[in-house]
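Q: Following this message is one structure expressed as structure tokens.
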Amino acid sequence: MGIHLAEIFGSASIGVYTLTTDSFAILPKSAPKRKIAQFQKWLGVNLVVTDIGGSVLIGVLSAANSNGILLPHFIKDEELSVIKSALDINVTVMENKETAFGNMVLANDYGAVVSPHMSKKAIKKVEDTLGVEAVKGRIAGLWYVGSLAVATNQGVLTHPMVTEEEREVLEEVLKVRADVGTVNCGIPYISTGLLCNTHNAVVGFITTGPELFIIGNAFNVVGEDE
């Protein structure tokens, strides 16, 4: 297990373009083949290469755990076919007007914290797809919980301004310890610069030494590897 520094499309915001869980990862089609192979090696899971609705913003538009994935209504048939054929998981195309499920859902294999703006019907779909309880919550008073934290089955790293009450909700629902930190030299939108599962962590290449130390402790991954 280790921490790897990376970029994609020249950007340190690697989490905007990618998605990972303990069982699979997704990268966009336009990612270089060398980069795809590198991420697959680091994350140690089955890797699917596809866009979502013709967009490379995989991490913004989708949310997942090892059991399932939530996708926006505008995903193309051929993209959906690629995901379904490659992965033996629950695949749900959400019919909500909202589409940025990566921003709205924070999940691991034990639970999910979702935006308070999501309807009961949508939350039920989240629960059925991911196979976990889903609870409304906020982080730092903000509703886009998926962009403000990263959760694995080892831990959660969240926005430094999370309140104690919000932190307790994260730990109770996700059933792991919640730590605070930043990525990419002070960015509090954790998921934009961090991919993590129980195998390894991949972070934006401008993430600092102190940030790497906190990430390593939060997810029980050690050792920087460029």
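Readers should treat all values here as calculations from the given coordinates under stated rules, not as data from a laboratory. A quick note: this is a predicted structure, and the numbers were derived from the prediction, not measured. We place every Cβ from the backbone using ideal geometry, glycine too, and count neighbours over all the protein chains shown.
Q: Return the calculated 222 nm mean residue ellipticity for the chain, to the nearest 500 deg cm²/dmol, obtained by summing -39500 (n - 2.57) across DSSP H runs with n ≥ 4 and dividing by the residue count.
A: -8000 deg cm²/dmol
Q: Report the semi-axes of the equivalent ellipsoid for the range 88-213 in whole Å, largest first, where each axis is √(5λ) for an eigenvalue λ of the Cα gyration tensor.
A: They are 24, 15, 14 Å, listed largest first.
Q: What is the chain's relative contact order, in percent, from Cα pairs under 8 angstrom and six or more apart in sequence?
A: Relative contact order for the chain comes out at 25 percent.
Q: On alpha carbon coordinates alone, what is the Rg over Rh value for the range 146-226, Rh being the Kirkwood radius?
A: Computed over Cα atoms, the ratio is 0.93.
Q: With Cβ to Cβ distances under 13 Å as the rule, what net charge do the other residues near LEU174 carry (K, R +1; D, E -1)?
A: That works out to -4.
Q: Report the FRET efficiency, 1/(1 + (r/R0)^6), for LYS41 and ASN90, where r is their Cβ-Cβ distance and R0 is 22 Å, rounded to 0.05.
A: 0.25
Q: Summing +1 for each Lys or Arg and -1 for each Asp or Glu, what net charge is found among the other residues whose Cβ lies under 12 Å from the Cβ of GLU165?
A: -3
Q: Say the dipole of the range 3-219 comes from +1 at the beta carbon of Lys and Arg and -1 at that of Asp and Glu; which of VAL135, ILE8, ASN103 then lies farthest toward its positive end?
A: Sorting the options by dipole projection puts first ILE8.
Q: Could I ask something else about it? Looking only at Cα atoms, what is the convex hull volume of the range 1-103 per residue, in Å³?
A: Per-residue hull volume (Cα only) is 97 Å³.
Q: Which of rounded, prolate, oblate describes the range 31-76, given a ≥ b ≥ c as roots of the alpha-carbon gyration tensor eigenvalues and a/c under 1.5 marking rounded, otherwise prolate only if a/b is larger than b/c?
A: oblate
Q: Charges at C-beta only: +1 for Lys and Arg, -1 for Asp and Glu. How large is the resulting dipole of the chain about its Cα centre, in Debye rounded to 20? Before the final figure, lay out the partial values.
A: Working: 17 positive and 24 negative charges, 102 e Å.
So the dipole magnitude of the chain works out to roughly 480 debye.
Q: How do ARG177, ARG167 rank when sorted from fewest to most other Cβ atoms within 10 Å of their own Cβ?
A: ARG177, ARG167
Q: If I histogram all Cα-Cα distances within the range 52-118 using bins 5 Å wide from 0, what percent of pairs lands in each bin?
A: It works out to 4, 17, 29, 28, 15, 6, 0, in whole percents.
Q: Same structure again: Go ahead and set up a Gaussian network model of the chain, Cα springs under 10 Å, then flag whichever of THR129, THR21, THR163 fluctuates most.
A: Result for the chain, Cα springs under 10 Å: THR163 fluctuates most.
Q: Moving to a separate point now. Based on DSSP, what percent of beta bridges with both residues in the chain are antiparallel, to the nearest 5?
A: Just about 45 percent of them are antiparallel.
Q: If the label point is 7 Å along Cα→Cβ of SER55, which residues in the range 69-94 have backbone nitrogen under 16 Å from it?
A: 70-77, 79-80, 93-94
Q: Quick one: grab the alpha carbon gyration tensor of the range 3-219, order the square roots of its eigenvalues as a ≥ b ≥ c, and give me rounded if a/c is under 1.5, else prolate or oblate depending on whether a/b is larger than b/c. Show your work: numbers first, answer last.
A: Details: a/c = 1.61, a/b = 1.05, b/c = 1.54.
Verdict is oblate for the range 3-219.
Q: Who wins for biggest fluctuation among GLY111, GLY54, GLY131 in a Gaussian network model of the chain, springs between alpha carbons below 10 Å?
A: Comparing GLY111, GLY54, GLY131 in the GNM, the peak value goes to GLY54.
Q: Oh, and also: Pulled fully out, how much extra length does the chain show between LYS97 and LYS76, if you take 0.36 nm times their separation in residues and subtract their Cα-Cα distance?
A: 5.9 nm
Q: Taking the Cα-to-Cβ direction at HIS199 and at ASN217 and moving 7 Å from each Cα, how far apart do the two end points lie in nm?
A: Result for the modelled spin labels: 2.7 nm.
Q: Continuing with this model, one more query. Which links in LYS29/LYS76; LYS29/LYS84; LYS29/LYS97; LYS97/LYS136; LYS76/LYS97; LYS97/LYS124 stretch past 21 Å when you go from one Cα to the other?
A: Table pairs above 21 Å Cα-Cα are LYS29/LYS97.
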